[in-house]
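This report concerns only the one structure given below.
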Amino acid sequence: MLPHPRLKTPTAVDLHRELVRLKEGKLSWLYEVSKCAPQEALRDLEVAFSNFFEHHAGFPNFKSRKRDAGSFTLYGAISVHPGEVRLPRIGWVRLKERGYIPSRAHINSVTVSERAKRWYVAVNVVEERKEPMIPPGPIVGVDRGLNSLAVVSDGTVLENPRVLRRYGRKLKHLRRNLSRKRKGSSNRRKAREALARLNMKVANTRLDAIQKFTTMLAKTKPVIVVEDLDVKNMMGNHHLARAIADAAWGEISRQLGYKTRWYGSTLVKADRWYPSTKRCSRCGQVKEEMPLRERVFHCEACGLVADRDLNAARNLAEWPGVARTLETPVEGGVQSTAKPLIQPPDESGTISLGRGPRRWM
Ligand SMILES: [Zn+2]
């Protein structure tokens, strides 16, 4: 569905004019909200269309006001106090968690979003960061574990948070509960909301553990070596447990990417042909095979017996390409830290607002 070469697609400005006309008719509810929200949405739409026409991206999806409430972005009169934030049109809103949003940094915009009936605000700020010091200490390798979320070559393990097992049983119960409710009933809606709330709690618990882990690594290790895994390929996994592990690993490497830049550490990706799971981390002998079911690495040459993931992480720490990579500026390296950093909203602290009024949408 490509446009005729001489036909022009409407720009955000054209669409805005159209929207103003519609507001006087059946979309009068739009007068209740800040004009920034639809304007920003139109700008997003323009970008989506230009990606579609020029960069072969997918056709923009229709977003329903009811189903995809999602989020909106606001500019203008925004201020932050430790326990509250002022949003344009809406005014001061009390925060459930305090002290997360930097109150002295220059504020660009806020994005308000809703998930499972909880409201969140993410503040986009510009902050001058001090030139970070390179942390002392040894080079470490980090590998994704089979049972844990990640294993570090120094023996540190990022376990799946313990509470998740309890949540797992509860999730099962809530899912069964939902399937028993009659379609379209209000009991079904309630059951669906309870499930969504718990799902979010699970995701947040895991995310919190990952945040602490990646901060610890970026602040204390000068060089972190990970495997260069194709996250896109991994996401095709249909087993729930594997899919979650894939997503967690994708998140860990994404966070290490920007946190190493913040704290003066360097993230290095070992090439994917490096046999980190098949190589003995003591003598360097490479096995022919190391099937997934083998949890322990036994070396026939030197007799080493080590946990499979720990052996792989140690091999990553010793990846011969590290030296070469460090001589040239690398993405995520210490070379790119001098300029002021704009924090993307996700990383500047997203704060729960508690249950808020639905009328914002
Ligand atoms: Zn060996």
Given labels modelled 7 Å from the Cα in the Cβ direction, how far is it in nm from Lys212 to Lys190? 3.5
Shape category assigned to the stretch 155-304 from the gyration tensor of Cα positions, a/c cut at 1.5: prolate
Taking Leu158, Leu240, Leu217 and counting other beta carbon atoms within 10 angstrom, the fewest-first order is Leu240, Leu158, Leu217
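Just list whichever of Lys259/Lys287; Lys212/Lys287; Lys117/Lys181; Lys117/Lys219 have alpha carbons separated by over 29 Å in the model shown. Let's see the in-between values first.
Working: Lys259/Lys287 35 Å; Lys212/Lys287 35 Å; Lys117/Lys181 20 Å; Lys117/Lys219 35 Å.
Check vs 29 Å cut-off fails for Lys259/Lys287; Lys212/Lys287; Lys117/Lys219.
Only the coordinates and a few stated rules stand behind these numbers; no lab work does. Source: prediction; values computed, not measured. Cβ atoms come from the backbone with ideal geometry, glycine included; neighbour counts cover every protein chain shown.
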